[in-house]
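Every read-out reported here was derived from the displayed coordinates using simple, explicitly stated rules and does not represent laboratory data. Because the structure is a prediction, the values reported are computed rather than measured. Note: ideal-geometry Cβ built from the backbone for every residue, glycine included; neighbour counts use all protein chains shown.
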Amino acid sequence: MKIKLTATKSEDVKVLKKVLFIAKKELDPVEYARFLELITPKTGDSTKELREIRDVESYEEIIERLKKVNVQVLP
């Protein structure tokens, strides 16, 4: 999983990469996912956006949309 680092100074980027490496090594997958969710900047209202998509697209269209952005969709 890749995340966008927003630091501008090279030293800051180096520190952020080190923290991510340590977190990935020390946390189990669920904890690591929670950590990434906690540090990821939030914009907009994702619940509202998802409801709007759900109201105009079929289940199959939503699944195809997810597959296009490389989301693993399990049966």
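The table below lists the values:
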{"item": "Full-stretch length increase - Val30, Glu57 - with 0.36 nm per residue and alpha-carbon distance subtracted", "result": "6.8 nm"}
{"item": "Estimated dipole of the chain in Debye, rounded to 20 [Cβ of Lys and Arg +1, of Asp and Glu -1, Cα centre]", "result": "500"}
{"item": "Ellipticity estimate at 222 nm from DSSP helix runs (n ≥ 4, -39,500 (n - 2.57)) divided over the chain, nearest 500", "result": "-20500 deg cm²/dmol"}
{"item": "Fully extended contour minus Cα-Cα distance, from Ile22 to Thr47, at 0.36 nm per residue", "result": "5.9 nm"}
{"item": "Nearest-ten-degree value, helix 46-56 long axis tilted from longest Cα axis of the chain", "result": "20"}
{"item": "In nm, spacing of pseudo-spin labels at Ile39 and Lys68 (7 Å Cα→C-beta vector)", "result": "3.1"}
{"item": "Given (1) 29.6, 96; (2) 16.3, 54; (3) 16.3, 46, the label whose value is Rg and Dmax of the Cα atoms in Å derived from this model", "result": "(3)"}
{"item": "Loop-located trypsin sites (Lys or Arg not before Pro) in region 25-59, at most 16 other Cβ atoms within 10 Å (DSSP)", "result": "Lys42"}
